Ligand code: ST9
Ligand code: ZN
Ligand code: ZN
């Protein structure tokens with residue numbers, strides 16, 4: 001990226017140029033919580049739609065249900081192998097075709113574009129459980145699960161977040177492209193493709209495929225991702241560091257295709273497997289390993305066995 005581009009990306013990332021009024025609205029010293037009603041209404045409608053979709057399950061073709069599940073897996077990989085382990089943590093390297101696939105899968109997830117997701121996530125790791133953490137679990141289960149999307153961010157998120165480095169993200173043309181065409185890519189990947197494939201290929205009704213492969217799949221994948229921020233920050237063991245909140249939670253691991261080993265992950269965020277156990281229920285790790293086999297991924301970073309054991313000994317809670 002040229003210097004101009006870098007400067008513009010940095011300005012966007014740091015929030016430079018935000019008006020006094022906008023900053024003032026977040027409260028000078030304290031924090032005035034401002035509800036974003038548009039988000040409350042849209043998320044309520046989405047969840048009502050998902051409950052209605054459950055009633056359609058017995059009426060849908062088996063292939064449609066399998067397709068919805070496949071879409072869920074692709075969605076999940078776009079978040080776990082893409083936005084999370086690749087772009088937020090740089091825990092492995094991916095060649096262009098894999099990055100394009102992961103960016104498309106990430107648009108299917110419709111969880112904000114990769115840049116925004118990774119920016120919030122890096123801030124979450126750096127300032128966990130403080131006001132600068134976008135989904136600070138100390139503000140309760142509801143806030144860390146979904147509530148953080150219903151209010152304007154605490155000013156600490158933006159202030160402290162602006163001090164972190166996000167250059168590498170905007171240096172990736174795939175990230176820039178996805179951010180530029182984010183809305184279009186979401187319409188295509190999150191809504192059109194999941195809905196049209198069952199209708200075109202096996203004659204499912206548009207109604208069924210829209211509610212099952214788009215709405216229900218989207219609502220479930222959001223909630224599963226949010227469980228990492230809520231449940232995995234509140235319930236479970238802390239074998240690696242008992243002084244931090246994130247925990248190992250099997251229930252979350254199962255839903256979030258290997259992302260519930262959260263005490264390990266916050267202790268060793270650079271580890272590409274996000275868990276001590278590599279393949280022990282970690283479909284995301286299986287996927288990255290397979291990509292390495294195909295030559296599409298490389299340089300997987302790992303915390304050494306010795307480092308893990310020493311850390312467990314020093315700060316773990318004694319559980320396994
Ligand atoms: C969603 C995200 O659901 C889910 C994330 C889940 C994370 C899980 C993590 C666990 C890891 C493992 C993965 C497991 C996955 C398993 C998958 C299984 C399926 N630093 O945000 P704005 C600045 S999204 C620095 O508008 P407001 C910046 O300048 C759901 N600066 O703040 C920015 O401007 P720009 C769908 C920052 O006005 C400006 O501030 N999406 C930072 O307070 C304004 O930013 C929605 O529902 C930072 N961190 O609004 C939309 N942040 O962006 C939700 C901001 O131009 N979002 N700045 O550079 C919104 O509507 C708004 O963000 C808001 C806050 C209302 C929440
Ligand atoms: Zn966390
Ligand atoms: Zn992380």
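Can you name the residue in region 160-173 that is more than 10 Å from ligand 1 (Cβ to nearest atom) and crowded, with 19+ Cβ neighbours inside 10 Å and is also nearest to residue 228 (Cα to Cα) among such residues? It would help to see each step written out before you state the result.
Filtering region 160-173 down to residues more than 10 Å from ligand 1 (Cβ to nearest atom) leaves 165, 167-173.
Restricting the remaining residues to those that are crowded, with 19+ Cβ neighbours inside 10 Å gives 169-170, 172.
Working: 169: 23, 170: 26, 172: 27 Å.
Restricting to residues being more than 10 Å from ligand 1 (Cβ to nearest atom) and crowded, with 19+ Cβ neighbours inside 10 Å, the top hit is 169.
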_Going residue by residue through region 81-90, is there one that turns out to be more than 13 Å from residue 217 (Cβ to Cβ), within 16 Å of ligand 2 (Cβ to nearest atom) and surrounded by fewer than 22 Cβ atoms within 10 Å (Cβ to Cβ)?_
yes
*Could you please find all residues in region 207-258 being assigned to a strand (DSSP E or B) and either surrounded by 22 or more Cβ atoms within 10 Å (Cβ to Cβ) or within 14 Å of ligand 2 (Cβ to nearest atom) (or both)?*
248
*Conditions: (1) within 11 Å of ligand 1 (Cβ to nearest atom); (2) touching a strand residue (DSSP E or B) at 6+ places or on another chain (Cβ under 9 Å). Residue 257 meets all but one. Number of the miss?*
(2)
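Could we say that residue 102 is modelled with pLDDT of 95 or more and in contact with a strand residue (DSSP E or B) (Cβ under 9 Å, 6 or more places away or on another chain) here? Even if it seems obvious, please write down each step before you answer.
Details: modelled with pLDDT of 95 or more: yes; in contact with a strand residue (DSSP E or B) (Cβ under 9 Å, 6 or more places away or on another chain): yes.
Considered against the rule, which asks whether it is modelled with pLDDT of 95 or more and in contact with a strand residue (DSSP E or B) (Cβ under 9 Å, 6 or more places away or on another chain), residue 102 comes out as yes.
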*Does at least one position in region 113-126 carry a residue that is touching a residue at least 24 places away in the same chain (Cβ under 8 Å), more than 14 Å from ligand 2 (Cβ to nearest atom) and either in contact with a strand residue (DSSP E or B) (Cβ under 6 Å, 6 or more places away or on another chain) or in a loop (DSSP other than H, G, I, E, B) (or both)?*
yes
*asked:* If I ask for residues that are surrounded by fewer than 18 Cβ atoms within 10 Å (Cβ to Cβ) and within 15 Å of residue 89 (Cα to Cα), which ones from region 120-144 would you list?
replied: 125, 126
*Does region 285-297 include one or more residues that are in a helix (DSSP H, G or I), over 22 Å from residue 78 (Cα atoms) and at pLDDT 95 or above?*
no
*Per-region count, region 87-112, residues within 12 Å of ligand 1 (Cβ to nearest atom), part of a helix (DSSP H, G or I) and without any contact (Cβ under 8 Å) to a residue 60 or more places away in the chain*: 1
_For region 55-78, check the following and say yes or no: at least one residue is within 16 Å of ligand 2 (Cβ to nearest atom), modelled with pLDDT of 95 or more and within 20 Å of residue 173 (Cα to Cα)._
no
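Going through region 215-241 one residue at a time, which ones are within 10 Å of ligand 1 (Cβ to nearest atom) and touching a strand residue (DSSP E or B) at 6+ places or on another chain (Cβ under 9 Å)?
Start the filter on region 215-241 by keeping residues that are within 10 Å of ligand 1 (Cβ to nearest atom), which leaves 217-218, 220-230, 232-233.
The one that is within 10 Å of ligand 1 (Cβ to nearest atom) and touching a strand residue (DSSP E or B) at 6+ places or on another chain (Cβ under 9 Å): 232.
Among the listed residues 268, 261, identify the single one that is within 17 Å of the chain's Cα centre (by Cα) and within 15 Å of ligand 3 (Cβ to nearest atom). Even if it seems obvious, please write down each step before you answer.
Working: 268 fails: within 17 Å of the chain's Cα centre (by Cα).
Being within 17 Å of the chain's Cα centre (by Cα) and within 15 Å of ligand 3 (Cβ to nearest atom) holds for just one of 268, 261, which is 261.
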*For residue 280, all conditions in the list (1) without any contact (Cβ under 8 Å) to a residue 60 or more places away in the chain; (2) surrounded by 21 or more Cβ atoms within 10 Å (Cβ to Cβ) hold save one; what is the number of the exception?*
(2)
_From the list 157, 151, 186, exactly one residue is within 11 Å of ligand 1 (Cβ to nearest atom) and in contact with a strand residue (DSSP E or B) (Cβ under 7 Å, 6 or more places away or on another chain). Which is it?_
151
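Tally up the residues in region 58-91 that are within 16 Å of ligand 3 (Cβ to nearest atom) and either within 18 Å of residue 189 (Cβ to Cβ) or touching a helix residue (DSSP H, G or I) at 6+ places or on another chain (Cβ under 6 Å) (or both), please. Don't jump to the end; show me each part of the working.
Initial filter on region 58-91 (within 16 Å of ligand 3 (Cβ to nearest atom)): 76-91.
With the extra rule that they be either within 18 Å of residue 189 (Cβ to Cβ) or touching a helix residue (DSSP H, G or I) at 6+ places or on another chain (Cβ under 6 Å) (or both), the set shrinks to 76-84, 86-88, 91.
Count: 13.
The values are calculated or read from the model by the stated rules, or taken from the named source; none is laboratory data. The structure presented is a predicted model; accordingly, all values stated were derived computationally and were not measured. Positions of Cβ are backbone-derived with ideal geometry, glycine not excepted, and every protein chain shown enters the neighbour counts.
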